[in-house]
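The values are calculated or read from the model by the stated rules, or taken from the named source; none is laboratory data. Since the model is a prediction, treat every value here as computed from it, not as a measurement. For neighbour counting, all protein chains shown are included, and Cβ atoms are generated from backbone atoms with ideal geometry for every residue, glycine included. We work out accessible area using only protein heavy atoms, side chains counted, and drop any ligands, DNA or RNA first. Shrake-Rupley method; radii C 1.70, N 1.55, O 1.52, S 1.80 Å.
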Amino acid sequence: MGMVFGKISVETPKYTVVKSCDGYEIREYPPAVAAEITYDPSEFKDNRDGGFTVLAKYIGVFGKPENQKPEKIAMTAPVITKEGEKIAMTAPVVTKEEGSEKKTVTMQFLLPEVYKKAEDAPRPTDERVVIKEEGGRKYGVVTFGGNAAESVVEEKVKKLRSDLERDGFKITGDYVLARYNPPWTLPPFKTNEVMIPVE
């Protein structure tokens, strides 16, 4: 019942608040291991969250885990999504399709802290799932409730970008969206974050 009212009962990433600013925080996150999938939403009937099921199957949410051990892996929060023209684990790549850019979504589950290196995590049986190490990173973060609708997220990104620039922070990449609750959590109790990498 607690999850309906926004209780987060799974492991979340540890971080250090470097600075509390007006309306946002600067946080430092230690290295972590992530399972991720990059896809074109059209593969999942235009569902931007279509990759969730693939990652959930990898950790064993729906029964036998789809990894080579098979080892059940605890769910963590948040679920992270990045929009863009990024392919797997390399630098940004733009794919042109009939004169327009093809937008991909990358969805990530951070694995529990017990996995220190990518090779510690069980290998996925679905080749779309990539296990990668995320180095330590620093973000400007704004937290908000409700549903993370595209228009709301865009507004939060725009404001956070402008606040970071105003306060003299150097932005080093695209934003990521972190959602901490399952879909059945009542909107007023949801926790979301827009995170923009900074130097």
Seminar exercise, completed: Residues whose built amide H sits under 5 Å from the amide H of Cys21, excluding neighbours closer than 5 in sequence, are Ile26
Exercise. Size of the dipole of the range 108-199 about the Cα centre, Lys and Arg at +1 and Asp and Glu at -1 on the beta carbon, nothing else charged, in debye to 20?
Worked result: 140
Exercise. In nm, what is the difference between 0.36 nm times the number of residues separating Lys158 and Phe144 and their Cα-Cα distance?
Worked result: 3.6 nm
Seminar exercise, completed: Sorted by chain and then number, the residues having a modelled amide H within less than 5 Å of the amide H of Val33, at least 5 places away or on another chain, are Leu111, Glu134
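For the range 115-158, what class follows from the C-alpha gyration tensor (a ≥ b ≥ c being the square roots of its eigenvalues): rounded when a/c is under 1.5, otherwise prolate if a/b is larger than b/c, else oblate?
Since a/c reaches 1.5 and a/b is larger than b/c, the shape of the range 115-158 is classed as prolate.
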Problem set entry | Contact order relative to length of the chain, as percent, for alpha carbon pairs under 8 angstrom and 6 or more apart | 28
Exercise. Taking the Cα centre of the chain as the origin and placing charges on Cβ (Lys, Arg +1; Asp, Glu -1), which of Leu164, Ile80, Asn47 is farthest toward the positive end of the dipole?
Worked result: Ile80
For this session: Classify the range 1-47 as rounded, prolate or oblate from the Cα gyration tensor: take a ≥ b ≥ c as the square roots of its eigenvalues, call it rounded if a/c is under 1.5, otherwise prolate when a/b beats b/c and oblate if not.
Result: prolate
Exercise. Going by a ≥ b ≥ c, the root eigenvalues of the Cα gyration tensor, does the chain fall in the rounded group (a/c under 1.5), the prolate group (a/b larger than b/c) or the oblate group?
Worked result: rounded
For this session: Treating only the Cβ atoms of Lys and Arg (+1) and Asp and Glu (-1) as charged, compute the dipole magnitude of the chain about its Cα centre; round to the nearest 20 debye.
Result: 440
For this session: Give, as a single signed number, the net charge of other residues whose beta carbon lies under 10 Å from the beta carbon of Glu199, with Lys and Arg counted +1 and Asp and Glu -1.
Result: +2
Problem set entry | Computed FRET value (nearest 0.05) for Thr172 with Asp126, which takes r as the C-beta separation and R₀ as 30 Å | 0.45
Seminar exercise, completed: If the chain between Thr16 and Ala118 were fully extended at 0.36 nm per residue, the gain over the current Cα-Cα distance would be 34.4 nm
Problem set entry | Heavy-atom surface of the range 11-57, accessible at 1.4 Å and reported per residue (Å²) | 52
